[in-house]
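Chemist: Take a look at the following structure, please.
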Amino acid sequence: MSLDYKEILNSQLPDIYIKNNLEVNATGCTLNRVQSDVDILEREVNPITCETTGIDKWEQFFNLSVLPSEDIQTRRAKVIAKLVEYTSDENVISLPQFEYIIKNFTENLVVIEHYSERKITIKFTVKGLPQNYSQLKATVKKIKPSYIVIEYTSDYPSNWGDVNQSTWGNVKKFSWGDIKGGMWNG
């Protein structure tokens, strides 16, 4: 907390009031607690900064389900995506908004716009898929304009030895493009 109301009161009040230092200190402590509560409230009301009761309330409001394995960044991303969807007039989202939302799922990606092709490429910059890849894809599907094509790629193409060692049950969950582009977990 940057403000200390006891110090402010002591520095601003005339000496006649400071003689009873006990009252000034008690008032200062009370104001410090009130300021702390206001700071917490401001943090919890904002879906970008909420951590405890705030995120729970946002998820309740949007009727979002929460998996026990979801971290706070994933939960915030889901709320922000739903908020954009909820407040958007025609489900139009700017590229910076889109990028901000999906980067809450993982920082290890680059968003590339292909304007003339009406396509966005989401390129992962680390090997393998993020832990919450399926949630990321579902969110992208919800928030992207319907006329935009989404392409997922990776800086790390598939190691064909890994594909050969994997089971059909694992491989069949992914498209040929995902496997060829390294977008699968073998």
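Chemist: Taking the condition of being surrounded by fewer than 11 Cβ atoms within 10 Å (Cβ to Cβ), of a type outside the set (D, E, K, R), at pLDDT 70 or above and outside the structural domain of residue 84 (by TED's automatic domain parsing), how many residues in region 133-186 meet it?
Modeler: So the answer is 3.
Chemist: Right, next: Among the candidates 127, 123, which residue alone is over 25 Å from residue 54 (Cα atoms), more than 11 Å from the chain's Cα centre (by Cα) and free of Cβ contacts under 8 Å to residues at least 40 places away in the same chain?
Modeler: Only one candidate passes the filter, namely 123.
Chemist: Another question, if that's okay. Is it true that some residue in region 59-74 is assigned to a helix (DSSP H, G or I), surrounded by 15 or more Cβ atoms within 10 Å (Cβ to Cβ) and not assigned by TED's automatic domain parsing to the domain that holds residue 141?
Modeler: yes
Chemist: Within region 21-35, is even one residue assigned by TED's automatic domain parsing to the domain that holds residue 134, over 30 Å from residue 154 (Cβ atoms) and either free of Cβ contacts under 8 Å to residues at least 12 places away in the same chain or in contact with a Pro (Cβ under 9 Å, 6 or more places away or on another chain) (or both)?
Modeler: no
Chemist: Something else: Which residues, counting only those in region 26-58, are exposed (fewer than 14 other Cβ atoms within 10 Å of the Cβ) and over 30 Å from residue 104 (Cβ atoms)?
Modeler: Answer for region 26-58, where residues must be exposed (fewer than 14 other Cβ atoms within 10 Å of the Cβ) and over 30 Å from residue 104 (Cβ atoms): 26, 29, 30, 33, 34.
Chemist: May I pose another question? Tally time: how many residues in region 32-57 are part of a helix (DSSP H, G or I) and in contact with a Leu (Cβ under 8 Å, 6 or more places away or on another chain)?
Modeler: 2
Chemist: Listed residues 109, 129, 136; which is in contact with a Lys or Arg (Cβ under 7 Å, 6 or more places away or on another chain), of a type outside the set (Gly, Ala, Ser) and under 24 Å from residue 155 (Cα atoms)?
Modeler: The match here is 109.
Chemist: Only one of these conditions is not met by residue 96: (1) outside any helix (DSSP H, G or I); (2) under 21 Å from residue 82 (Cα atoms); (3) not small (Gly, Ala, Ser). Which number is it?
Modeler: (1)
Chemist: Residue 129 is checked against (1) loosely packed, with under 15 Cβ neighbours inside 10 Å; (2) in a loop (DSSP other than H, G, I, E, B) and fails just one. What number does that condition carry?
Modeler: (1)
The values are calculated or read from the model by the stated rules, or taken from the named source; none is laboratory data. Note that the structure is predicted; figures quoted are calculated from it, not measured. As a convention, Cβ positions derive from the backbone with ideal geometry for all residues, glycine included, and neighbour counts pool all protein chains shown.
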